[in-house]
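The values are calculated or read from the model by the stated rules, or taken from the named source; none is laboratory data. Since we're looking at a predicted model, the values are computed, not measured. Positions of Cβ are generated from backbone atoms using ideal geometry, with glycine treated the same way; all protein chains shown enter the neighbour counts. For the accessible areas, the whole protein counts, side chains as well, though only heavy atoms, and no ligand, DNA or RNA atoms are used. Shrake-Rupley method; radii C 1.70, N 1.55, O 1.52, S 1.80 Å.
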Amino acid sequence: MPGVDIQIKSSHEQGLALLTRHWIMQTFSKQFGPVTYCKKPPTTNDPETDVAFITFQNSEDAEKAVVALREGVTLNTTWQHMTVNVTGDWKTGGRGGGNQGKGSFGGGMRDWQEDEQSSRDLMKRRAERGRSRSRSRDRRDDRRDDRRGDRRDDRRDDGRDSRRDDRRDDRRDDRRDDRRDDRRDERRDDRKDDRRDDRKDDRRDDRGDDRRDDRKDDHRDDRRDNRRQDDRQGSRSRDRRDAPRDEKREAPIPEEPRSRVADPPAPPPEPPPFDFTEKLLIRFLQTKQDKPIMEQLEVLQADEFKKLPIEDMLNTVIMKQDRKTPLYKQIEEFLIKWKLSSA
């Protein structure tokens with residue numbers, strides 16, 4: 001009934017400590033009808049003294065709620081997974097109370113044609129108005145406390161969300177930094193490997209150039225010695241041909257026979273220079289000299305070297321069975337002999 005409170009209690013060992021004012025209003029509104037007001041004093045954890053008061057908007061809803069509360073209503077606390085049995089009845093002084101029958105709303109309204117009031121009645125009505133004002137203050141205080149609690153909960157939730165976002169951002173930044181460091185390390189390792197390969201290739205090229213220069217110097221020295229020997233022999237033959245043939249001239253004193261020095265062997269012919277394809281083949285074999293022999297022989301099967309005598313080359317390498325000399329050396333010797341024979 002409008003303007004009349006319903007008092008509820010719980011048989012639970014903690015009283016109404018497990019129920020909140022908002023949740024009581026929401027639950028009773030769903031089951032019986034709209035609830036306009038709910039007051040829940042601080043809990044005492046005592047089932048006998050721990051009470052709450054609710055006021056319905058419609059009298060029919062209030063009467064249905066009182067009938068159900070007299071028999072007992074079971075409420076489920078979904079956040080704690082517990083059930084609480086509550087009972088209730090009209091608040092003392094309301095409908096069904098000691099003032100029942102005074103006015104249409106049972107003590108909540110003023111009676112018409114009432115008797116003359118004494119000073120004691122005036123003091124009593126003033127006390128009732130004071131209690132009404134105190135209830136209004138209590139409701140105002142409850143609303144203020146609720147707003148304050150909601151603001152505090154909002155601030156706490158905002159702080160928790162901001163901290164969670166900060167941790168997520170930190171983890172994302174750490175993963176990004178790790179990926180960047182890994183890429184930088186990979187690039188540094190690649191550059192280091194490239195420099196090491198370049199130095200190795202340079203040393204190999206330098207050794208090949210040194211050997212080629214040594215062979216060239218040997219050929220030059222041999223040709224110079226041969227020319228010097230030829231010039232010496234030609235000068236002796238001219239001296240004997242230009243000498244005067246005078247019989248009266250004293251015979252020359254015979255020289256002691258000297259052992260004839262054998263002519264130095266003719267220098268080997270200088271090999272013709274390699275063309276681009278031959279240089280390319282030797283270069284490939286030099287870069288793969290650390291690989292297995294079968295992998296090196298696969299280089300000879302490339303289409304770029306079809307013009308070279310690959311079959312003769314392979315037969316020569318297989319017949320020699322030379323495992324100490326690098327393959328590119330053997331191929332280089334074969335190409336020199338092949339070019340000399342072709343010339």
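Filter region 147-165 for residues that are over 30 Å from Pro42 (Cα atoms) and either touching a helix residue (DSSP H, G or I) at 6+ places or on another chain (Cβ under 8 Å) or open to solvent by less than 90 Å² (accessible area, probe 1.4 Å) (or both) and give the result.
Asp161, Ser162, Asp165
Look through region 303-322, keep the residues that are in a loop (DSSP other than H, G, I, E, B) and touching a residue at least 12 places away in the same chain (Cβ under 8 Å), and return whichever of them is surrounded by the fewest Cβ atoms within 10 Å (Cβ to Cβ). Among those that are in a loop (DSSP other than H, G, I, E, B) and touching a residue at least 12 places away in the same chain (Cβ under 8 Å), it is Lys307. Criterion first (more than 30 Å from Pro42 (Cβ to Cβ), open to solvent by less than 80 Å² (accessible area, probe 1.4 Å) and in a helix (DSSP H, G or I)) does Asp174 satisfy it? Taking the combined requirement at face value, the residue does not satisfy it.
Scanning region 1-42 for residues that are open to solvent by 10 Å² or more (accessible area, probe 1.4 Å), of a type in the set (S, T, N, Q) and under 18 Å from Met82 (Cα atoms) yields Ser11, Gln14, Thr20, Gln26, Thr27.
Run down Arg168, Arg139, Arg144 and say which single residue is more than 15 Å from His22 (Cα to Cα), charged (D, E, K, R) and surrounded by 10 or more Cβ atoms within 10 Å (Cβ to Cβ).
Working: Arg139 fails: more than 15 Å from His22 (Cα to Cα); Arg144 fails: more than 15 Å from His22 (Cα to Cα).
Of the residues listed, the single one that is more than 15 Å from His22 (Cα to Cα), charged (D, E, K, R) and surrounded by 10 or more Cβ atoms within 10 Å (Cβ to Cβ) is Arg168.
In region 323-336, the residues that are of a type in the set (A, V, I, L, M, F, W, C) form Cβ pairs under 8 Å with partners that are not in a helix (DSSP H, G or I), at six or more places apart or across chains, as follows: Leu327/Gln289; Leu335/Phe274; Leu335/Leu308; Ile336/Pro271.
Residue pairs whose Cβ atoms lie under 8 Å apart, sitting 6 or more positions apart in sequence or on different chains, and linking a residue in region 276-288 that is closer than 14 Å to Asp205 by Cα to a partner that is open to solvent by 90 Å² or more (accessible area, probe 1.4 Å), are Leu280/Glu304.
Screening the candidates Asn45, Asn76 for the property of being in a loop (DSSP other than H, G, I, E, B) and at pLDDT 70 or above yields one hit, Asn45. Can you say whether Arg126 is free of Cβ contacts under 8 Å to residues at least 40 places away in the same chain, open to solvent by 60 Å² or more (accessible area, probe 1.4 Å) and either part of a helix (DSSP H, G or I) or on the phi > 0 side of the Ramachandran plot (or both), as far as the supplied structure shows? When the stated conditions are applied, Arg126 passes them.
For Glu332, state whether it is surrounded by 16 or more Cβ atoms within 10 Å (Cβ to Cβ) and among the acidic types (Asp, Glu). Can you show your working first?
Numbers: surrounded by 16 or more Cβ atoms within 10 Å (Cβ to Cβ): yes; among the acidic types (Asp, Glu): yes.
Judged against the criteria, Glu332 is a match.
Among the residues of region 187-197, not a single one is over 28 Å from the mean Cα position of the chain (by Cα), closer than 29 Å to Lys288 by Cα and touching a residue at least 40 places away in the same chain (Cβ under 8 Å).
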